[in-house]
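J.: Got a structure here, written out as structure tokens. Questions coming.
The values are calculated or read from the model by the stated rules, or taken from the named source; none is laboratory data. Computed from a predicted model, the values in this text were never measured in an experiment. For neighbour counting, all protein chains shown are included, and Cβ atoms are generated from backbone atoms with ideal geometry for every residue, glycine included.
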Amino acid sequence: MPSDTSSVITGRCYCGLITFYTSSKPQTVAYCHCTDCRRATGGPVSAFAAFSEGAIVFTPNEGKRITVNSGVTRTFCERCGSSLTGRYDYLPNQIYISLGVIDQADDLAPEMHGHEAQRLSWLHIVDDLTRSESTTRDMLVAKSGIP
Ligand SMILES: [Zn+2]
Ligand SMILES: [Zn+2]
């Protein structure tokens, strides 16, 4: 851990085998209502914090990698199954961390809803955030600062 921990973001999987930290602030935080993320994370909606690739330090590693649909690579703890990261070919140089495994999740309010068209019909999150019927790719890229 860096000596100045005031702005450090930390997290761990359910069983604690995998821990991580970063001194970087998220580029953005977003809900995703797509069925893929729902199945991968097990929740009725998923949420992720985006960081630039390489910004997160994992101990001992970021978990087991799995690709089910081409272009998407996710990692999870091989011992407890926690969903940890996602990488998307259409969002290069970014790593998306599952919000629920971040210790400071309460400070990281999402800024947008993605794949609103796939939202569970009974799930109503009342806010004024931007909602995209499909991918929020353009907004995510804009927030990433990647040209
Ligand atoms: Zn674990
Ligand atoms: Zn998704």
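J.: So which of E78, E53 is in contact with a Pro (Cβ under 9 Å, 6 or more places away or on another chain) and charged (D, E, K, R)?
T.: Testing whether each residue is in contact with a Pro (Cβ under 9 Å, 6 or more places away or on another chain) and charged (D, E, K, R) leaves just E53.
J.: Quick one: would you say A40 is outside any helix (DSSP H, G or I), within 16 Å of ligand 2 (Cβ to nearest atom) and either touching a Leu at 6+ places or on another chain (Cβ under 9 Å) or at pLDDT 95 or above (or both)?
T.: Numbers: outside any helix (DSSP H, G or I): no; within 16 Å of ligand 2 (Cβ to nearest atom): yes; either touching a Leu at 6+ places or on another chain (Cβ under 9 Å) or at pLDDT 95 or above (or both): yes.
No; evaluated as a whole, the condition is false for this residue.
J.: Might you let me know whether segment 27-41 holds any residue that is within 13 Å of ligand 1 (Cβ to nearest atom) and surrounded by fewer than 22 Cβ atoms within 10 Å (Cβ to Cβ)?
T.: No - not one qualifying residue is present in segment 27-41.
J.: Let me ask something else about it. Do we find a residue being touching a Pro at 6+ places or on another chain (Cβ under 9 Å) and charged (D, E, K, R) anywhere in segment 19-29?
T.: Within segment 19-29, not a single residue is touching a Pro at 6+ places or on another chain (Cβ under 9 Å) and charged (D, E, K, R).
J.: With S70, S98 as the choices, which residue is over 20 Å from G16 (Cα atoms) and among the small types (G, A, S)? Please lay out each step first, then the result.
T.: Numbers: S98 fails: over 20 Å from G16 (Cα atoms).
One residue alone meets the criteria, S70.
J.: Which one is farthest from the chain's Cα centre (by Cα) among residues in segment 62-96 that are near ligand 1 (Cβ under 9 Å from one of its atoms) and part of a strand (DSSP E or B)?
T.: The extreme case among them is F76.
J.: Of all residues in segment 92-141, which are aromatic (F, W, Y) and crowded, with 18+ Cβ neighbours inside 10 Å?
T.: If the condition is that a residue be aromatic (F, W, Y) and crowded, with 18+ Cβ neighbours inside 10 Å, then Y96 is the only one that fits.
J.: If I filter segment 10-26 for residues that are under 12 Å from the mean Cα position of the chain (by Cα) and away from ligand 1 (no atom under 13 Å from the Cβ), do I get at least one hit?
T.: Taking every residue of segment 10-26 in turn, at least one turns out to be under 12 Å from the mean Cα position of the chain (by Cα) and away from ligand 1 (no atom under 13 Å from the Cβ).
J.: I've got another one for you. Pick out the one residue from T59, T28, T22, T85 that is away from ligand 2 (no atom under 16 Å from the Cβ) and under 20 Å from K143 (Cα atoms).
T.: That would be T22, the only listed residue that is away from ligand 2 (no atom under 16 Å from the Cβ) and under 20 Å from K143 (Cα atoms).
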